[in-house]
1. Skip the ligands, DNA and RNA, and give the accessible area per residue of the chain with a 1.4 Å probe, whole Å².
2. For a test of the definition: using alpha carbon positions, the gyration tensor, and the 1.5 limit on a/c, classify segment 146-196 as rounded, prolate or oblate.
3. Once both axes come from the Cα atoms, what is the angle between helix 254-274 and the longest principal axis of the chain, in degrees from 0 to 90, rounded to 10?
4. Could you give the length gained on full extension between Phe117 and Gln7, defined as 0.36 nm per residue of separation minus the Cα-Cα distance, in nm?
5. Of all accessible surface on the chain at a 1.4 Å probe, what whole percent is carbon and sulfur?
6. Once every Cα of segment 64-217 carries one equal point scatterer and solvent is ignored, give the base-10 log of I(q)/I(0) from the Debye formula at q = 0.15 Å⁻¹, two decimals.
7. Among all stretches of the chain without exposed trypsin sites (Lys or Arg not before Pro) (DSSP loop, at most 10 other Cβ atoms within 10 Å), which one is longest?
8. What would the Debye equation give as log₁₀ I(q)/I(0) for the chain at q = 0.07, 0.13 Å⁻¹, counting only Cα atoms as equal point scatterers?
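The values are calculated or read from the model by the stated rules, or taken from the named source; none is laboratory data. Everything numeric in this text was worked out from a predicted model, so none of it was measured. Because the Cβ atoms are built from the backbone with ideal geometry, glycine has one as well, and the counts that use them run over all protein chains shown. For the accessible areas, the whole protein counts, side chains as well, though only heavy atoms, and no ligand, DNA or RNA atoms are used. Shrake-Rupley method; radii C 1.70, N 1.55, O 1.52, S 1.80 Å.
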Amino acid sequence: MTDLLPQLTQQLFNGLSLGAIYALIAIGYTMVYGIIGMINFAHGEIYMIGAYTGLVTLTVVGTQSGLPVFMAVALMLVVAVIVTGIYGFAVEYVAYKPLRRSPRLVALISAIGVSIFLQNWVALGQGARDMAVPSLVSGSLQVHMGSEFDVNIPYSRIMIIVVTVLLMAALTLFIKHSRMGRASRACSQDMHMANLLGIDTNRVISFTFVLGAMLAAVGGVLIALTIGKLNPFIGFIAGIKAFTAAVLGGIGSIPGAMLGGVLLGVAETFAAGYISSEYKDIVAFGLLVLILLFRPTGLLGKPEVEKV
């Protein structure tokens, strides 16, 4: 019993760091859905490309270049954000813009096609095998809680939580106070009326795809540095779980995406730690089913109002 609290603390911290990654990816899903009412199923592959871009950047710079760790990580993040921003724009321009007036199923199939294309694009270019990512942020913080079990908090996971919190705060302020943020909120409420009022809705939609891709890239780089390996197929599972997090919190709600990501990450980690790692997905998706049974719009989602 004396080890119960430290173990609980350890699992909670691990769950928060995993949930932070899910939240970063889920925001991309929820922003695109909130504005154009479609699901970008190529978003998980953007996350994967961000991780690979960070690794390529680190390889070019070199781990023995003498560059301080924080500068190396910052460089990886900046390059990954720029590259994935371009990919996000390209996905919207190629797979969504020509199909905006088509049935949603057509755009969904187009997104799945882009997802498969990007998977194979990276697999052909980088190989389908697992690739090792050098551990730049090593070491951990040991917290003694008066028992034989010490809480071990890796600095890489602390970095994930800190960076995610800062990005979430910056995103909230940007959406609330910037001109583009106000335009995005107007488009999410009524795209047609926003267009009549002079808002460049095409620009807002493209910006939404780019911003979501950038956030996903940050998650890809951070998780690659933490886990230490990646392959071209990591985006599929991460994308599905992030989409689940967005639905759990309420698709179309940015705070809901954040909350859903954290809840999913904590549920998955607790299931792996206290039941079995084989049951973590069952518990995570079972939680989704239970919440949607009692609240179909998600935790923070609002019912859609029919437009007359």
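1. Values: 15480 Å² over 308 residues.
Computed with neighbouring chains in place, this is 50 Å² per residue.
2. Details: a/c = 5.66, a/b = 4.08, b/c = 1.39.
Prolate shape, in that a/c is at least 1.5 and a/b is the bigger ratio.
3. With rounding to tens, the tilt is 30 degrees.
4. Working: separation 110, 0.36 × 110 = 39.60 nm, distance 4.22 nm.
Separation in residues times 0.36 nm, less the Cα-Cα distance, equals 35.4 nm.
5. Values: 10460 of 15480 Å².
Taking all protein chains in place, the chain shows 68 percent carbon and sulfur surface.
6. Values returned for q = 0.15 Å⁻¹ are -1.03.
7. Details: sites that count: Arg101, Arg129, Lys307.
After excluding every exposed loop site, the longest remaining stretch is 130-306.
8. Values, matching the q order: -0.28, -0.94.
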